[in-house]
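Step one of this worksheet: look at the structure below.
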Amino acid sequence: MSLSFSSEQSSNLSTTCTNANIIPCLPKSFTKFFSTKYISPGLKSDPSKPDWSVCQKAWWAVIKRFYDRYNKDPNDVPMRLALEMRITGGSSVNLAPQYGNTHGTCSIEILTPQNVNRKEWREFTQEITDLWTNLKDDDGEPIHPFKNDDGLLVHTRPHWAKEWEGLTVHGQPIKDYLRENACKEQIKLFRSGLADVAKSGGYAIEDADNMFSTDLSRDMFSTDILFD
């Protein structure tokens, strides 16, 4: 899934749901971004082909929610810029939100100016997160997570570079959701790779952490994750 967040967080990460990645159309200093990436499962009638109805459901969920709020109160307009979508392939990069997306990735982003009330924006982004992470197929069954062709359990994920901190997924803080579910194995692969690079260079991974890490990266990619 792909989500857009406030200016404070646009310098950190963004949320991505299966099959979607959104690229902001304005400088981050002027815009709040929330982006989620959705992984497309295979069609039930032909699992070798992607089910693009997932992207349609995610797209129209935002539009419906926007107008549900607006029709109750014309002044309630937290999303005041574009709703954007991009279709991309999968990725073999360990931490990429597209990782394991056999049938491609749909990234959707919502944007709004910095002068929009932060509380209203946060409420709206949480509502959209809830909608995107609870999509159902035509039989009423949850779409995500699902197993891809390689047996990997694939979840809706945020775009790392956008705003997503502070949200919850199924009642779980999003950082915990990413560490314990959506990106658990990917984070282990990432840290293991960093450890190998450090070893080959004659230094410890802790040295790299001390030099290059941020509060967020230490929180998300702690060395302890390798040994849980």
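The values are calculated or read from the model by the stated rules, or taken from the named source; none is laboratory data. Remember, it's a predicted structure, so these values are computed and weren't measured experimentally. Glycine also receives a Cβ, built like all others from the backbone with ideal geometry; neighbour counts cover every protein chain displayed.
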Meets criteria (among the charged types (D, E, K, R) and modelled with pLDDT of 90 or more) for ARG218: no
Condition met for ASN117 (crowded, with 24+ Cβ neighbours inside 10 Å and either in contact with a His (Cβ under 9 Å, 6 or more places away or on another chain) or touching a residue at least 24 places away in the same chain (Cβ under 8 Å) (or both)): no
Boolean, THR168 is in contact with a Cys (Cβ under 6 Å, 6 or more places away or on another chain) and not assigned by TED's automatic domain parsing to the domain that holds ASP209: no
Options ASP149, ASP130; residue that is under 16 Å from PRO50 (Cα atoms) and of a type in the set (Asp, Glu): ASP149
Some residue of the stretch 119-138 being within 17 Å of the chain's Cα centre (by Cα) and of a type in the set (Lys, Arg): yes
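Yes/no matrix, rows are residues, columns are (1) at pLDDT below 90; (2) among the aromatic types (Phe, Trp, Tyr):
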position	(1), (2)
GLY104	yes, no
GLU120	no, no
PHE124	no, yes
LYS147	yes, no
ASP150	yes, no
GLU163	yes, no
GLN172	no, no
TYR177	no, yes
Single unsatisfied condition, ASN115 versus (1) modelled with pLDDT under 90; (2) in a helix (DSSP H, G or I): (2)
